[in-house]
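Computed from the coordinates by the stated procedures, all read-outs in this text should not be read as laboratory data. Being a predicted model, the structure only gives us computed values, none of them experimental. Cβ sites come from the backbone with ideal geometry, for glycine too, and all protein chains shown count toward neighbours.
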């Protein structure tokens, strides 16, 4: 192909482009791809554009909004016809549905969708059936589908009864014509292990933050980074913390924003987080590194994930982790080797793990060291980016051969 391949990368919200796919578009630009980023409007758009990434606003929503979705679908069709991409690559459920439908309608040569968790995992009844139907539509319209963990791939295989010949995995390596495939060892973007590395400057920032928030030197800080919603396990984390904080000097640090729309926390949980002096909720932070390094134990009791960035970040910064036994988490953490895995939705199991690490500083140190070693070996960002680049090149070559 003599002209640079044109790619449209679509996410529902701009924060996904900025945070979850940080640096990936610039990497593709450096390798002679002409990339257009698409998402709804938001404060992150300014930062995306400042990185020399062309961006187009399509006002997509995360909720079920049929009339707005139809308007966005029409806008995406018009944009695709104007830009004439060789590849449309979508992320997040709503962007996947609308982006793949628009790309299918416009007969885009290569249609790719990355699956990073499925909302239907925690849905039931009519809502679950609707969500499953939308995923089926996305799957039908896409040429290639990329679950960002092997556990998620296995869930999709079982839930959607995917024939084995459509799965490309280490267990069943097949041709480049497989429809479902995990890139590298999992994750949507890998992790910059050089950026998420302990330094004396970051140690000092973390120390100053502990002083600012008046955390006693002997206090053990349990922490979390992410959206403060029910399906991240915040209710169970609060229940466990309330019990352990009655027996030891402890703090709970929750870095992220509350969401009061789709999956709000119960009033009792909100009341505790807003009024208990042992809880610190600083909101969303541009640079989470010093906040993570304030923590003695990183806790991530989420109900569902694709491949959680915050767990990788904590491991790379050598913070011992407790995670729930779900997709992604149980691929980053090996139980009792580089962290602790507990059943999701069980505050008692979470409490026991928190007590174990609270009472064993040597075990915390062992887990921390092994966590970074595992991250560097398996999930380094440059490795995943190059794997994705190779995937694009293979698909472009296949398309040129077909033509």
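A few notes on this one:
- Peptides 131-139, 65-73, ordered by how many other C-beta atoms sit within 10 Å of their residues on average, highest first, read 131-139, 65-73.
- Cα gyration tensor category, rounded, prolate or oblate, for the range 231-327 with a/c compared to 1.5: rounded
- Shape index of the range 200-378: Rg/Rh, with Rg the Cα radius of gyration and Rh the Kirkwood radius from the inverse mean 1/r over Cα pairs, equals 0.93.
- Across the range 200-378, the relative contact order, built from alpha-carbon pairs under 8 Å that are at least six residues apart, equals 23 percent.
- Using C-alpha pairs under 8 Å with a sequence gap of at least 6, the mean separation divided by the residue count of the chain gives a relative contact order of 14 percent.
- Principal-axis tilt of helix 381-402 within the chain, Cα atoms, nearest 10 degrees: 20
- C-alpha long axis of helix 150-159 to longest principal axis of the chain, angle in °: 60
- Restricting the calculation to Cα atoms, every distinct pair contributes to the Kirkwood radius of the chain, found to be 22.0 Å.
- Helix axis angle, 234-244 relative to the chain longest principal axis, alpha carbon, degrees: 20
- D (Stokes-Einstein, µm²/s), Kirkwood Cα radius, the range 315-401, 1.567 mPa s at 4 °C: 88
- Ranked packing of 226-236, 157-167, most packed first, by mean Cβ within 10 Å: 226-236, 157-167
- Highest-MSF residue in the chain out of 337, 182, 15 [GNM, Cα springs under 10 Å]: 337
- The range 341-403 versus the range 87-109: alpha-carbon centroid distance in Å: 27
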